[in-house]
Amino acid sequence: MLIVAFLFISTLHATAQTGSACPFSPLPAPSGKFTVGTIILPVQRVHGEGTSRRVQLWYPAQPASKAELAAYVPDKGALDAFRSQKFLDQPDCVIDAWAMQKTAAHFQAQPLNTKSKFPIVFISPGAGMPRHAYTIYAQQLASDGFVTATIDYGSSRSTYQRRSVHN
């Protein structure tokens with residue numbers, strides 16, 4: 001009887017913890033036939049405006065790539081900005097999960113050697129959204145044989161503006 005009571009209390013405790021769990025879902029793996037590589041191009045500063053652009057390319061890569069998997073949010077400064085500005089009203093546990101999340105793309109992997117040409121897709125986020133918010137799409141497209149460019153639009157005043165999902 002004591003064992004049954006202990007199991008019941010343990011189950012209630014686990015259920016209570018699950019109810020307050022962090023609202024974070026890991027990235028799904030891309031389903032295409034190609035290994036995915038990614039590289040972040042240097043920041044381009046636009047003259048006189050104080051703004052900058054950062055581009056991340058996602059591409060079909062050599063299948064035997066030993067390059068490490070790329071971080072979901074590779075810029076520590078962006079993570080700090082997300083946390084301090086309460087980006088999308090996300091709790092700190094989500095920002096912490098983003099900091100540890102890896103993509104399915106190999107960072108700086110060798111591009112696939114083929115005589116085929118791959119079409120390019122540009123993903124240009126708006127409304128203050130960062131490029132990492134489109135990682136699922138970018139790595140899926142690359143695994144399907146597209147070169148994909150995701151673009152960040154930052155400014156010198158604030159890298160990411162506070163946005164609410166209710167706006």
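Some values worked out for this structure:
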| item | result |
| --- | --- |
| Alpha-carbon centroids, segment 63-78 and segment 110-140: separation in whole Å | 14 |
| Violating pairs (Cα-Cα greater than 26 angstrom) within the set LYS66/LYS86; LYS76/LYS117; LYS76/LYS115; LYS33/LYS66; LYS33/LYS115 | LYS66/LYS86; LYS76/LYS117; LYS76/LYS115 |
| Residue-count net charge about ASP75 - beta-carbon cut-off 14 Å; Lys, Arg +1, Asp, Glu -1 | +3 |
| ILE39, ILE95, ILE151 arranged by Cβ crowding within 10 Å, fewest neighbours leading | ILE151, ILE39, ILE95 |
| Fraction of antiparallel bridges per DSSP, segment 23-155 only, in percent to nearest 5 | 75 |
| Distant-in-sequence amide H partners of ILE123 (H built 1.01 Å from N, under 5 Å) | ALA149, THR150, ILE151 |
| From phi via Karplus (6.51, -1.76, 1.60), per-residue ³J(HN,Hα) for segment 57-69 in Hz, x at Gly/Pro | 9, 10, 8, x, 10, 4, x, 8, 4, 9, 5, 6, 6 |
| Other-chain or far-sequence residues with amide H under 5 Å of ALA109's (modelled H) | THR38 |
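Read-outs: derived from the displayed coordinates by stated rules, not from any lab. Everything quoted here is computed from the prediction, not taken from an experiment. Here the Cβ is made from the backbone with ideal geometry for all residues, glycine too, and neighbour counts use every protein chain on show.
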